[in-house]
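The values are calculated or read from the model by the stated rules, or taken from the named source; none is laboratory data. Remember, predicted model here, so these are calculated numbers, not experimental data. With ideal geometry, Cβ positions are generated from the backbone for all residues, glycine too; neighbour counts draw on all protein chains shown. Accessible surface is based on the protein model in full, side chains and every heavy atom, while ligands, DNA and RNA are left aside. Shrake-Rupley method; radii C 1.70, N 1.55, O 1.52, S 1.80 Å.
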Amino acid sequence: METKDLFTESYRITKEMVAIPSVNGTSGEKDIGLYIESYLRDIPYFKDHPEEVVVQLLKGDKLKRRNVFAILEGRRSKSCRTIILHGHTDTVGVEDYGILKKHCFDSDSLLDALKEVPLSDEVRKDLESGLYMFGRGSVDMKSGDAVLMAIANLMSERLDELEGNLIFAFNPVEENMHTGMIESLDFYQKIQKERGYEYIFAINNDYTCPLYAGDEHNYIYTGAVGKLLPSFYILGKSTHVGQCLEGFDASLIASRLVEKIDLNTDFCDGYEGEYSLPPAVLKISDLKDFYNVQTAQEAFVYFNYFVHDASILEVTSKLVTAAHEALSDVQNRIKECSESYYDKAQMEYIPFEYEPNVYEYKQIYEIAKDTFDGNLEAYIRSFISGLDDKKYDIREKMMLLVKELSQIAKITAPAIVFFYTPPYCPHSTLHEEVDREKELIDSLGKILKDVEKEENVEYKMLHFYPSLSDSSYIKIDDPKDSVEALHKDFPDMDYLYPIPFDKIKGLDIPAFTFGTYGKDAHKWTERVHKPYTFGVLPKLIEKTIRYYLEA
Ligand SMILES: [Zn+2]
């Protein structure tokens, strides 16, 4: 294979991979793993070295999903320098395609079908340009996997020129819990130990897209945004609607909390001029199961919360403050509305006295531990295992545990208990003040300048890949006290959501995202820009490999 063949080869593989429906949570995730494995095993080098293709089945996974790795060792001279190139192999669901659903895994027939349906001007223009391939997973990120597979193929014939090693990795389960990547850490540690590899950085080939209307740049990211899911269990005082002024409605507290936090740019986290998006509410609900004439006693709210650099302590403190304010706003509102009503009705008003409180999970846990008669940990184990998996997702299970511990701790209403639920994606980037990282920033800048000169592209290097990605799990910038703070406010984290912090800290691999280029990932108009993704991206990756492993 030659560099000039990379376009055709990665384009061909992408088409074949789009045709394998590897929707997250389906057996298609296993099928795509098998496809990748068979592609790699067909490469002459791996026919001679079958042990260099490694398949790691995910632990206890009923769908038999697997990580697939391929290792190439340079032969010019032995070196421990190693670059990881990785991609996820799952896609999001396809319900969004509606009447086009039967075409979503066939990029050719989808192209024809799209001509028959109403499209926005931009999508129509892209469709008619002939520059885009459509289909589920086209940009996010089967084309990215395909490029890596083609590069593996190419480099397998160039090992005499390399002084260092390449690990190609293809991981399932990215689109929700990142299990593939998290379990692959064991593999990276094992190889590091056995072969003395030193990971200089990893390249994630996930999708990139314009960041604003008319944006012409291509982006290269030197790290990943962090994500938290701050959650609130709200305990109000319910009342009959006939005495509605006598309660402290959990729904009202929840809505006030959402008003305070949702889309509020005070919570945007800035680092060297890059700002994270504001929090967005992902759930707001009361805990009533049926209709009655009581106001809500309890409610549950959580937010997506992006982080660039802020410590968990800082984030928690801001959110706890917002919770205090929400409670006091509701208290004031009840007072004002009561005064107004009793004044209108010409009745005497005797205000109710409330003492609203905000707790963090760790406080509730400590109080419960003191109050509980017996072994609280054992009780938590049996409480959690008694919760029906089909009925409750992991966030609801944690919320129910918070509720249970609040009762044991005899928390009085009105109150808000603040805690974190999954997922948690650590943030990381490269820092100018760290020598090794500064060198990487500078050298990467040089490579990008070269590619800009040769190809018709304009790159911008940014710190944080803005979508959630597997890159979060190979480097973590959160300092120890920040991680500890998270752990303490994360209900039953060790059992329900163990994150291998020590492994991530130990590996500490700078996490780049180069990435495919296209538009509308996770939408039915998802499409990949062929000239960049199959034309420029493979050259950029090849150049990068050569820069670091031919020196
Ligand atoms: Zn992706």
Span from the region 38-61 Cα centroid across to the region 406-484 one, whole angstrom:
31
Which value, in debye to the nearest 20, gives the size of the charge dipole of the chain about its Cα centre, when Lys and Arg are +1 and Asp and Glu are -1 at the Cβ?
1120
Residue separation between Tyr547 and Tyr342 times 0.36 nm, minus their alpha-carbon distance, gives in nm 66.0 nm
To the nearest 10 degrees, the tilt of helix 376-385 (Cα long axis) against the first principal axis of the alpha carbons of the chain is 70
If you count, for each residue, the other Cβ atoms within 10 Å and average over each peptide, how do 241-247, 216-222, 529-535 line up from highest to lowest?
529-535, 216-222, 241-247
Which is farthest toward the positive dipole end of the chain among Pro351, Tyr275, Val92, measuring Cα position about the Cα centre, with Cβ charges +1 (Lys, Arg) and -1 (Asp, Glu)?
Val92
Where the centre of each part is set by its Cα atoms, how far does region 121-141 sit from region 347-405, in angstrom?
49
For the chain, what's the relative contact order in percent, using C-alpha pairs closer than 8 Å and at least 6 residues apart?
22
Return the carbon/sulfur percentage of the accessible area of the chain, one whole number, probe 1.4 Å, all protein chains in place.
51
Highest mean packing first, using Cβ neighbours within 10 angstrom, the peptides 332-339, 79-86, 98-105, 6-13 sort as 79-86, 6-13, 98-105, 332-339
Pull out a ≥ b ≥ c, the square roots of the eigenvalues of the alpha-carbon gyration tensor of region 432-551, then state rounded if a/c is under 1.5, prolate if not and a/b is larger than b/c, and oblate in the remaining case.
oblate
In terms of the charge dipole of region 347-496, which places +1 on Lys and Arg and -1 on Asp and Glu at the beta carbon, the residue among Phe383, Tyr361, Ser472 farthest towards the positive end is Phe383
To the nearest 10 degrees, the tilt of helix 435-454 (Cα long axis) against the first principal axis of the alpha carbons of the chain is 60
Once the piece of chain linking Glu95 and Asp108 is laid out straight, how much longer is it, given 0.36 nm per residue of separation minus the C-alpha distance between them?
2.8 nm
Compute the long axis of helix 250-261 from its Cα atoms, compare it with the longest principal axis of the Cα atoms of the chain, and write down the angle in degrees, 0 to 90, nearest 10.
50
Using a Cα-Cα cut-off of under 14 Å, which aspartates and glutamates could be cross-linked to Lys78, ignoring same-chain neighbours fewer than 8 residues away?
Asp160, Glu161, Glu163, Glu198, Glu550
Only bridges with both residues in the chain count here: give the DSSP antiparallel percent, nearest 5.
60
For the chain, the per residue accessible area (1.4 Å probe, Å²) is 43
Could you work out how far apart the two model spin labels at Arg81 and Glu161 are, taking each label as a point 7 Å from the Cα in the direction of the beta carbon, and quote it in nm?
1.5
Helix-derived [θ] at 222 nm for the chain: sum -39500 (n - 2.57) over DSSP H runs of at least 4, divide by residue count, nearest 500?
-12500 deg cm²/dmol
Violating pairs (Cα-Cα greater than 19 angstrom) within the set Lys227/Lys488; Lys227/Lys391; Lys47/Lys190; Lys283/Lys397; Lys283/Lys403; Lys15/Lys530
Lys227/Lys391; Lys47/Lys190
Rounded, prolate or oblate: pick one for region 357-396, where a ≥ b ≥ c are the square roots of the eigenvalues of its C-alpha gyration tensor, a/c under 1.5 means rounded, and failing that, prolate if a/b is larger than b/c, else oblate.
oblate
Ranked by how many other beta carbons lie within 10 Å on average, peptides 487-498, 507-518 from highest
507-518, 487-498
Any idea which of Val23, Asn204, His324 is furthest toward the positive side of the dipole for the chain, if Lys and Arg beta-carbons carry +1 and Asp and Glu beta-carbons -1?
Val23
